[in-house]
Amino acid sequence: MKHKKHSHHKKNMKQRLCIIVGCIAFAALCFLTLFSQYTSDVTELQGAAILKNKCDTTPSTYVVFGSDDNNLYALDADKGCIIWKFDAGADIKSKPTIYGTTVYVGTATDELYAISLADGTKIWDVDTNKIYGAVAADSNYAYAGDISGTLGAYAGTDPILSYKGHNIYTDVQLDNNLLYIVDEYSKVGTVRAISATTFTQKWAFSAKSQILAAPLITSDALYVSSNENTLYKINKQYGVALWTFKTSKSIRSTPVADDTGTVFFGSNDGYFYAVNAGDGKLVWKYHVNAEITASAALDSSNVYVGSQNKNVYALNKKTGVLVWQAKTNGKIYGGLTVHDNTLYVPSSDNSLYALDTASGKVLWSYATKGVLYAGVALS
């Protein structure tokens, strides 16, 4: 009897096991069915989550910028809604460049991208070294400089033309068929003028210290800021210094200039300066009591300054008198841009702000998941 009881018990155990296995199999089948339904629609679901506040119409003006969250963003410049975002797979620390219907941007790892402005799809990408500066572009090529010192002309392939320097950390600039780069070596910065046709050097100007920003290029001169507390005016034809202006600490931003012959720039000494472009004499200065490393922006009346104290200042261009002051929630590293009475301010609080130039009022802001280190491009 004990033997029969044991057999009966084993039989019950087998039946229970079959039921459990059957339940598990049924649950797995249900899960797979639901999963297949979900994944068939996963792009739409992700898009809905990623493109929150998506635009429902084509904008008249695009504002494009990169973030330290690996993404390039395109927004409606008027409304602040998002048109598209592109995952570059690495941090973007440079300002994008728009030429025609194409956006060019490099990453802080090893990639240069050409992206459609209309929909954010990739046109081509090329392996490079780390790119921290903006790209220059024309109808033939995108010109990029990387930290290995390579200046290349790219069109979806390895560089068709190239120039080898030491280290390039700032923007590549194109003007009248000359490419301008800042080549860093042993903590000394050299501005080089390179032919965009032959990739041979026309001239070079070396400062006594690092040059941590791209120069301002005007019709007759370059204005070069340096880590030795000096702003240089450089003759555009020969690359020789015409005058210098001294501050008490380093100058780490690209200057801006207006058509009245005034050059504007900030310094790490906490002052923002207006200097006469003709003779290098001080016109006025304004104290913000914090480092200024972001390039300013201009309109017909004011100059707009972003500071590492998180503030934005609108100053009268002629007098330096404060017009208004606004605050973001992070230090401002990237350059400011004015377009159609709107000031675009990238902040280290991960957000892009659109401010009314008349009042400083926030018109809209857009939050990313990474620091905004560079300025915006508009088209």
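The values are calculated or read from the model by the stated rules, or taken from the named source; none is laboratory data. Fair warning: this is a prediction, and the values are worked out from it, not measured in the lab. For neighbour counting, all protein chains shown are included, and Cβ atoms are generated from backbone atoms with ideal geometry for every residue, glycine included.
Condition test on V126, is it closer than 19 Å to S379 by Cβ, of a type in the set (V, I, T) and touching a Gly at 6+ places or on another chain (Cβ under 8 Å)?
Numbers: closer than 19 Å to S379 by Cβ: no; of a type in the set (V, I, T): yes; touching a Gly at 6+ places or on another chain (Cβ under 8 Å): yes.
So V126 fails the test.
Of the residues G189, G133, G152, which is in contact with a strand residue (DSSP E or B) (Cβ under 7 Å, 6 or more places away or on another chain), outside any strand (DSSP E or B) and of a type in the set (G, A, S)?
Working: G189 fails: outside any strand (DSSP E or B); G152 fails: outside any strand (DSSP E or B).
The conditions single out G133.
Only residues in the range 85-112 that are assigned to a strand (DSSP E or B) count as the first member; pair them with residues that are at pLDDT below 95, Cβ under 8 angstrom, at least 6 apart or cross-chain, and list the lot.
From the range 85-112, the pairs are K85/I50; K85/L51.
Say we look at the range 28-77 and pick out the residues that are of a type in the set (F, W, Y) and loosely packed, with under 14 Cβ neighbours inside 10 Å; which of these is modelled with the lowest pLDDT? Walk me through it before giving the result.
First, pick out the residues of the range 28-77 that are of a type in the set (F, W, Y): 31, 35, 38, 62, 65, 73.
Of the ones still in play, those that are also loosely packed, with under 14 Cβ neighbours inside 10 Å are 31, 35, 38.
Numbers: F31: 41, F35: 36, Y38: 33.
Per the stated criteria, the residue is Y38.
Got a sec? Which strands (runs of 3 or more DSSP E) wholly within the range 215-312 have at least 1 residues that are over 23 Å from the mean Cα position of the chain (by Cα) and touching a residue at least 40 places away in the same chain (Cβ under 8 Å)?
Hits in the range 215-312: 221-225, 230-235, 262-266, 271-276, 302-306.
Suppose the filter is assigned to a loop (DSSP other than H, G, I, E, B), out of contact with any Phe, Trp or Tyr (no Cβ under 8 Å at 6 or more places or on another chain), within 23 Å of L212 (Cβ to Cβ) and modelled with pLDDT of 95 or more; does G370 pass it? Can you show your working first?
Details: assigned to a loop (DSSP other than H, G, I, E, B): yes; out of contact with any Phe, Trp or Tyr (no Cβ under 8 Å at 6 or more places or on another chain): yes; within 23 Å of L212 (Cβ to Cβ): yes; modelled with pLDDT of 95 or more: yes.
Yes; evaluated as a whole, the condition is true for this residue.
Taking into account only those residues within the range 210-243 that are polar (S, T, N, Q) and touching a Gly at 6+ places or on another chain (Cβ under 7 Å), which is surrounded by the fewest Cβ atoms within 10 Å (Cβ to Cβ)? Spell out how you get there, then give the answer.
First, the residues of the range 210-243 that are polar (S, T, N, Q): 210, 218-219, 225-227, 229-230, 235, 237.
Pick out the ones that are also touching a Gly at 6+ places or on another chain (Cβ under 7 Å) and you get 210, 226.
Working: Q210: 19, S226: 21.
By that ranking, first place goes to Q210.
Checking I332 against (1) part of a loop (DSSP other than H, G, I, E, B); (2) surrounded by fewer than 16 Cβ atoms within 10 Å (Cβ to Cβ): exactly one of these is not met. Which one?
(2)
Confirm whether A134 is crowded, with 18+ Cβ neighbours inside 10 Å and under 21 Å from the mean Cα position of the chain (by Cα). First the steps, then the outcome.
On the way: crowded, with 18+ Cβ neighbours inside 10 Å: yes; under 21 Å from the mean Cα position of the chain (by Cα): yes.
Yes, satisfied.
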